[in-house]
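A.B. asks: To start, I am sharing the structure in question, which I have written as structure tokens.
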Amino acid sequence: MTRWSRQLLTLVAMLGIAAKAPASSFEYLYVEANAGSSAGGHFALRLDDWVYDFQNAELGTLRLRRTDFEVFRYLYTVLENRTLHIARVDVPPEMREAIFDRFNRRYLSQNQQFSLLDSLRGDRELIRLLLARSDQTTAHEDDQSGMPIRGAGFFFGARSEGSAGKSPSIRALRERLVSAYGPTYLADQIGALERAARQLSPDPEISKPESGAQRDERLDSGYLFSDRYQDLAAKILALRVLERATPIQPDARRIPGAGRYELSAAEAQKIRDYAERLEVRLVKLVASKRPDWGYPLLLGMARLETLRESLALERWVVLDSVPINTAFLSQRAVKRRDPFVVELRDRARVEFLEARVHFETTRDPGEPALAWLEEAINRLAVFQRGFDQNLPIPIYELGSLPNRAATVRDLPLPNVDRATLRSAAETAKARERAFLAAVKRDFGYQLVSNNCVTEIFATIGEEWKPATAGDRAGDIDDPDDLLDFIPVIAYQKVLAAHADAEASEIPSFRSFRLEQMYAAENDFGVYLRESNTLTSSIYRRNDVEPFFLFFTEDALPLRPVYGALNLAAGFGEMALGVLRAPWDRGRMLTSGLKGAAFSLPELVFVNLRKGILEYAPGDTARTPRRPAEHAGSDEELPMSEEESTD
Amino acid sequence: MIARIALGLFIGVALGLATGCSKSSTTQASFGSSSDSSSSPFRSSSKSSSSGDETDQKEEDDQKEEKPETAFERDVRNHTVGFARTAGEPDLDSFQRGLGAIAEVHGITDWEQFDATYVAIGRGLADSDLDVRSAQQLAVALSSEDYDHLALVRSGFESRHAR
């Protein structure tokens with residue numbers, strides 16, 4: 001019996017004991033397979049609005065993700081066309097809380113360890129920079145090398161210079177600071193921080209990071225040399241901005257066109273109040289004991305500038321929060337007003353209105369409310385500009401604060417002699433290598449013993465021991481449990497173990513649309529049209545998956561025949577790919593190979609490929625949730641008030 | 001020859017299966033353009049009044065009722081548990097920097113201004129199974145020796161213990 005099977009039984013037994021306690025619930029999610037890298041299906045756990053799941057990640061690791069359920073649902077059931085099976089399990093509230101906390105702690109802890117890996121890389125980079133600087137007797141005028149400091153770009157331009165002139169709002173903030181802490185406070189603090197930056201030295205010890213990657217346990221310290229330097233540098237720059245009343249860089253803010261962004265009287269008052277509270281907070285922030293107040297201060301001052309400018313112009317001005325390296329919606333799609341581009345623009349409008357109303361109607365809107373509105377204005381403004389000028393539109397994941405990292409030339413650097421730097425460079429390299437190996441060892445993905453199924457149960461399990469989790473090869477001694485690591489088998493066992501589990505499903509977009517079509521149109525006509533990718537009205541050929549001809553998910557008797565034709569199509573694409581290889585670097589050849597490969601299971605009645613969509617027209621959420629036993633019914637069967645609104 | 005190609009393709013499928021559980025890169029690419037996922041993660045932080053001092057006017061009457069823990073508070077509590085359980089000398093800088101990174105996910109950079117942060121720290125200390133003396137020492141350190149913050153940490157600690 002595998003470890004997680006035992007854990008499942010333990011959980012079931014505990015549920016029996018605590019049967020009379022008030023119930024709450026969590027949900028096991030099983031996502032059917034699709035072609036690509038999801039051929040084995042997927043397994044996840046839902047708690048409240050969050051889905052926790054383990055995914056293949058960088059360095060061959062398996063990382064715990066936390067995703068909003070609606071996003072998860074859209075990605076898998078709509079874009080990836082994969083049916084989602086859900087088993088809701090009632091548990092006592094304390095047990096649910098304990099499970100929630102285990103996932104939450106594991107998520108935070110894993111993030112911290114990967115963040116430590118970034119810090120170790122930062123150490124190596126900083127030492128390399130210091131070594132390079134020590135080779136130069138004088139820095140070149142145009143030398144822009146250095147560590148990027150978050151928030152510096154709000155006030156410092158490409159040549160590390162602040163804009164000319166003085167900012168009235170930052171001057172006012174400086175006056176508040178002076179009256180709170182005295183006239184020499186700023187200069188004294190800047191001096192002290194610059195000295196601290198010069199006195200910084202790389203940590204010669206090797207012990208902590210090397211032994212650091214203890215699975216799901218906190219590290220003794222994740223605050224390394226490069227972190228300390230970046231924090232000091234951000235504080236120095238923030239205080240310099242205050243001292244000089246440096247105005248914001250013009251391109252750091254976004255001033256959308258007039259019209260919809262004009263301020264109402266109520267909004268103007270909210271902004272005035274917010275700016276007043278922000279000033280008070282920023283003065284306190286300067287004296288904070290937290291080590292990383294530099295970026296929040298830079299961001300706060302930049303926001304103060306945009307808020308004051310909003311009041312002056314009587315319309316919203318916000319910080320530019322669009323990341324530098326983003327993907328773009330193509331100019332062609334924008335010009336043609338493709339449906340998904342129009343829908344995204346409409347969604348951006350709605351989001352802007354919601355964020356705006358929230359800011360205006362909340363008594364004392366806080367930082368998240370401004371961050372939300374800031375992001376919504378940015379999003380809508382880039383769409384508006386794209387539509388007005390037929391330009392490509394940047395698309396990016398939401399949820400990042402304005403960052404604007406920049407290197408600033410005249411920052412003090414740690415004053416470390418060359419011999420120490422050379423030794424530190426070796427140490428940093430060794431530490432990074434050792435930590436990387438530990439991360440790979442502790443979080444490395446393994447098909448059978450450390451995958452999305454095994455880790456869900458390892459995290460749930462009462463008996464879970466961090467030291468042995470992930471090393472379960474020896475536990476597989478029961479032939480009946482050999483395949484438990486496969487998502488569909490794990491899900492079936494969950495249902496078998498929890499007799500009272502409430503099973504439901506969210507069908508894939510294509511299968512749900514087919515059900516609707518069969519109900520409304522001639523069956524044969526629908527079949528003829530929708531069985532293949534050439535005439536399907538649901539699926540559009542796209543570049544994200546290899547070419548194929550027939551859908552085989554809903555064609556069990558004909559699957560091998562369709563599979564053979566799909567295989568032939570794959571070979572055809574490969575043949576064309578050979579001819580095009582000199583021009584497309586073998587892209588089509590590889591695609592054909594993949595297409596052929598995913599046709600092979602169809603020859604033996606196994607369907608993996610469901611068809612991936614780039615966009616699915618329809619109303620939110622496009623796919624309904626319904627009881628599992630009613631799958632395939634023509635009627636829409638909402639389960640409960642909560643679920644029908646999922 | 002055909003047998004070799006077939007074998008290669010089967011290996012391809014096997015490799016595809018071997019990467020099960022992962023989300024395809026195509027979906028990653030589509031993420032930004034998926035309309036149902038185009039809502040800001042900051043929305044929920046904004047609307048959960050207890051993640052900050054902001055209060056919706058219509059919720060004013062419900063102030064006295066105990067509110068469910070927000071995602072931000074849960075993160076802070078569990079971050080504190082992890083920190084308190086760490087062996088060795090506590091590194092406050094590391095704790096606070098980690099807290100800063102967690103807060104940013106919720107749209108917050110100035111987490112010190114929120115009472116909820118300190119209450120959640122207190123709850124985390126209560127959950128960390130420290131003896132009272134150790135918990136007190138950490139409470140003082142984590143509240144930056146600020147009396148008001150300490151009172152909030154204490155209230156969080158006691159509310160958790162009272163359950």
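The values are calculated or read from the model by the stated rules, or taken from the named source; none is laboratory data. Predicted, not measured: the structure shown is a model, and the values here were computed from it. Here the Cβ is made from the backbone with ideal geometry for all residues, glycine too, and neighbour counts use every protein chain on show. These accessible areas exclude ligands, DNA and RNA; they are computed on the full protein's heavy atoms, side chains included. Shrake-Rupley method; radii C 1.70, N 1.55, O 1.52, S 1.80 Å.
A.B. asks: Please list, ordered by chain and number, the residues whose modelled amide H lies under 5 Å from the amide H of A:SER24; skip anything fewer than 5 residues away on the same chain.
C.D. replies: Correct list: A:VAL91.
A.B. asks: If you count only protein heavy atoms and use a 1.4 Å probe, how large is the accessible surface of B:HIS161, to the nearest 10 Å²?
C.D. replies: Here the accessible area works out near 110 Å².
A.B. asks: With θ taken as phi - 60° and the coefficients 6.51, -1.76 and 1.60, list the Karplus ³J(HN,Hα) couplings across segment A:428-435 in order, rounded to whole Hz; mark glycine and proline as x.
C.D. replies: After applying 6.51 cos²θ - 1.76 cosθ + 1.60, I find 4, 5, 5, 5, 5, 5, 5, 5 Hz.
A.B. asks: Continuing with this model, one more query. Would you list A:LEU534, A:LEU263, A:LEU353 from the most to the least accessible area, probe 1.4 Å? Please report the intermediate quantities before stating the final value.
C.D. replies: On the way: A:LEU534 125, A:LEU263 35, A:LEU353 100 Å².
The most accessible residue leads, giving A:LEU534, A:LEU353, A:LEU263.
A.B. asks: Which sequence of A:LEU411, A:LEU391 reflects their accessible areas, 1.4 Å probe, from the largest down? Numbers along the way, then the final one.
C.D. replies: Values: A:LEU411 20, A:LEU391 60 Å².
Ranked list, largest accessible area first: A:LEU391, A:LEU411.
A.B. asks: So, counting K/R as plus one and D/E as minus one, what does the shell of residues with Cβ under 14 Å around A:ALA425 add up to? Don't skip to the answer; put the middle values down first.
C.D. replies: Numbers: positive: A:ARG121, A:ARG124, A:ARG128, A:ARG133, A:ARG418, A:ARG422, A:LYS429, A:ARG431, A:ARG433; negative: A:ASP123, A:GLU125, A:ASP135, A:ASP203, A:ASP417, A:GLU426, A:GLU432.
Net of charged neighbours comes to +2.
A.B. asks: A further question follows. What accessible surface, in Å², does a 1.4 Å probe find on A:ILE538, ignoring ligands, DNA and RNA and rounding to the nearest 10?
C.D. replies: Rounded to the nearest 10, that gives 10 Å².
A.B. asks: Now for a different question. If one takes the accessible area of chain A alone plus chain B alone and subtracts that of the pair, with a 1.4 Å probe, what total in Å², rounded to the nearest 100, results?
C.D. replies: Interface between A and B: roughly 7200 Å².
A.B. asks: Averaged over peptide B:69-77, how many Cβ atoms belonging to another chain are found within 10 Å of each residue's Cβ? If you can, show how the numbers build up before the last one.
C.D. replies: Values: counts 3, 0, 5, 1, 0, 8, 5, 1, 3.
Average neighbour count from other chains, rounded to a whole number: 3.
A.B. asks: Let me ask another. Take the alpha carbon atoms of segment A:313-389, find their radius of gyration, then divide it by 2.2 N^0.38 Å using N residues; give the quotient. Don't jump to the answer; show the numbers that get you there.
C.D. replies: Details: Rg = 13.8 Å, N = 77, 2.2 N^0.38 = 11.5 Å.
Against the compact-globule rule of thumb, the ratio is 1.21.
A.B. asks: Here is a follow-up. Kindly sort A:PHE548, A:PHE524 by accessible area of their heavy atoms, largest first, with the probe set to 1.4 Å. Working shown, then result.
C.D. replies: Details: A:PHE548 5, A:PHE524 135 Å².
Largest accessible area first, the list is A:PHE524, A:PHE548.
A.B. asks: On average, how many beta carbons from a partner chain sit within 10 Å of the beta carbon of a residue in A:590-600?
C.D. replies: Numbers: counts 0, 0, 0, 4, 4, 0, 6, 9, 4, 2, 5.
So the per-residue partner count for this stretch is 3.
A.B. asks: Here's another thing I want to ask about it. Cα centroid distance between segment B:99-123 and segment A:392-419, in Å?
C.D. replies: Here the two parts' Cα centres lie 23 Å apart.
A.B. asks: Can you list residues from other chains, or at least 5 along the same chain, whose modelled amide H is less than 5 Å from the amide H of A:ALA327?
C.D. replies: Here the answer is A:ILE395, since their amide H atoms fall under 5 Å of that of A:ALA327.
A.B. asks: Using the Karplus curve 6.51 cos²θ - 1.76 cosθ + 1.60 with θ = phi - 60°, work out ³J(HN,Hα) for each residue of segment A:397-410 in order, rounded to whole Hz, and write x for Gly and Pro.
C.D. replies: Values per residue, Gly and Pro as x: 6, 7, x, 10, 6, x, 10, 6, 5, 8, 8, 10, 5, 8 Hz.
A.B. asks: Then there's this: Can you compute 3J(HN,Hα) from phi for each residue in segment A:285-292, using the Karplus curve 6.51 cos²θ - 1.76 cosθ + 1.60 with θ = phi - 60°, rounded to whole Hz and x for Gly and Pro?
C.D. replies: 4, 4, 9, 5, 8, 5, x, 10
A.B. asks: Need one value: the accessible area of A:LYS594 in square angstrom, 1.4 angstrom probe, rounded to the nearest 10.
C.D. replies: Counting only protein heavy atoms, A:LYS594 exposes about 110 Å² to solvent.
A.B. asks: Please list the non-local residues whose amide H lies under 5 Å from the amide H of A:GLU505, H modeled 1.01 Å from N, same-chain partners needing a gap of 5 or more.
C.D. replies: Here the answer is A:ILE86, A:ARG626, A:ALA628, since their amide H atoms fall under 5 Å of that of A:GLU505.
A.B. asks: Please report the carbon-and-sulfur percent of the accessible area for segment A:524-629; probe 1.4 Å, protein heavy atoms only, DNA, RNA and ligands left out. Don't skip to the answer; put the middle values down first.
C.D. replies: Working: 3490 of 5160 Å².
Here it works out to 68 percent.
A.B. asks: Starting from the Kirkwood Rh over alpha-carbon pairs, what translational D in µm² s⁻¹ does segment A:314-458 have by Stokes-Einstein at 25 °C and 0.890 mPa s?
C.D. replies: Numbers: Rh = 20.1 Å.
Roughly 122 µm²/s, to the nearest whole number.
A.B. asks: Given axes a ≥ b ≥ c from the Cα gyration tensor, I'd like to know whether segment A:544-624 is rounded (a/c under 1.5), prolate (a/b larger than b/c) or oblate.
C.D. replies: Numbers: a/c = 3.23, a/b = 1.28, b/c = 2.52.
Oblate shape, in that a/c is at least 1.5 and b/c is the bigger or equal ratio.
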